[in-house]
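Asks: I have a structure I would like to understand better, so I am pasting it below and will then ask my questions one at a time.
The values are calculated or read from the model by the stated rules, or taken from the named source; none is laboratory data. Just so you know, these numbers come straight off a predicted model, no measurement behind them. So basically every Cβ, Gly included, is an ideal-geometry build from the backbone, and we count neighbours across all protein chains shown.
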Amino acid sequence: MRTRAARAGTTGWERVEVTAAAGTRVHAAVLGPREAPEVVCVHGLGCSHRYFLPLARCLAPGLRVVAPDLPGFGSTPGSRESPDVRGLSEALAAWLRATARRGVPLVANSAGCQVVVDLAVHSPELLGPVVLTGPTVDRHARSWPRQLGRLVRNGARERSALAFVLLLDYLDCGPRRIITTFNHLLDDPVEHKLHHVPTPAVVVRGSRDPIAPRAWAREVAAALPRGRLAEVPDTGHTLNYSAPERLAEIVTALLRES
């Protein structure tokens, strides 16, 4: 593994790790005391480490936050063909092994939840406690029109600055990769895999999140062997950006209990 300093004045992160794993060079942003326990953040569709910065700042006084960019997203190069959910979870597994982060707590948002759940199917030993924030894809609305409609409704429920952060990320990965990956997400029956997650888990949703409705979030939490549900009032889908203080409280509470 090779680590180099990040452009702290530009990104807000302290450093960037660059690790040879999964056939590429995985970039991961890092914030927090070097000696502190670590937490790994797993991003959603089209996103990167960037939108985890508000949460990282809330966690960093007591935890070291590491946010990798999965292959093809953010600063991590990817193959021409976009991997499916299994391909992304295998890449995450390879990175966790290469960086000796077996058992580190995982905090995922949106499509990142599908990646973490799939990781539990083939490499459960790599999971620590899990926080699934706004898990996708609701099996009762598994179609392009319904998901896009929910995405549009959610836009008005997020902090306005999130749009600029996501625009940068979408430009990095490009529309072709977003569309292909979204099709893979729709084809992924995450509800059939939840029983594989062996560790304590919290499903978190914003009370105004149309992408992960309450009924679906309850279903996900109930299917997890050691799961429970938490809801953050008056917030949308991207809690790591729009309600980082409250999400940080939920993360730290889970770690104290585990």
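Asks: Does ALA156 count as over 21 Å from GLY74 (Cα atoms), out of contact with any strand residue (DSSP E or B) (no Cβ under 7 Å at 6 or more places or on another chain) and aliphatic (A, V, I, L, M)?
Replies: Answer is yes for this residue.
Asks: Considering only segment 133-170, how many residues are surrounded by fewer than 12 Cβ atoms within 10 Å (Cβ to Cβ), of a type in the set (Ser, Thr, Tyr) and at pLDDT 95 or above?
Replies: 1
Asks: Can you pull out every residue in segment 197-244 that is among the small types (Gly, Ala, Ser), surrounded by 19 or more Cβ atoms within 10 Å (Cβ to Cβ), within 17 Å of GLY155 (Cβ to Cβ) and in contact with a strand residue (DSSP E or B) (Cβ under 6 Å, 6 or more places away or on another chain)?
Replies: Once the filter is applied, which keeps residues that are among the small types (Gly, Ala, Ser), surrounded by 19 or more Cβ atoms within 10 Å (Cβ to Cβ), within 17 Å of GLY155 (Cβ to Cβ) and in contact with a strand residue (DSSP E or B) (Cβ under 6 Å, 6 or more places away or on another chain), segment 197-244 yields GLY206, ALA212, GLY236, ALA243.
Asks: Taking the residues in segment 67-90 that are surrounded by 24 or more Cβ atoms within 10 Å (Cβ to Cβ) and of a type outside the set (Gly, Ala, Ser) as candidates, determine which candidate is farthest from the chain's Cα centre (by Cα).
Replies: THR76
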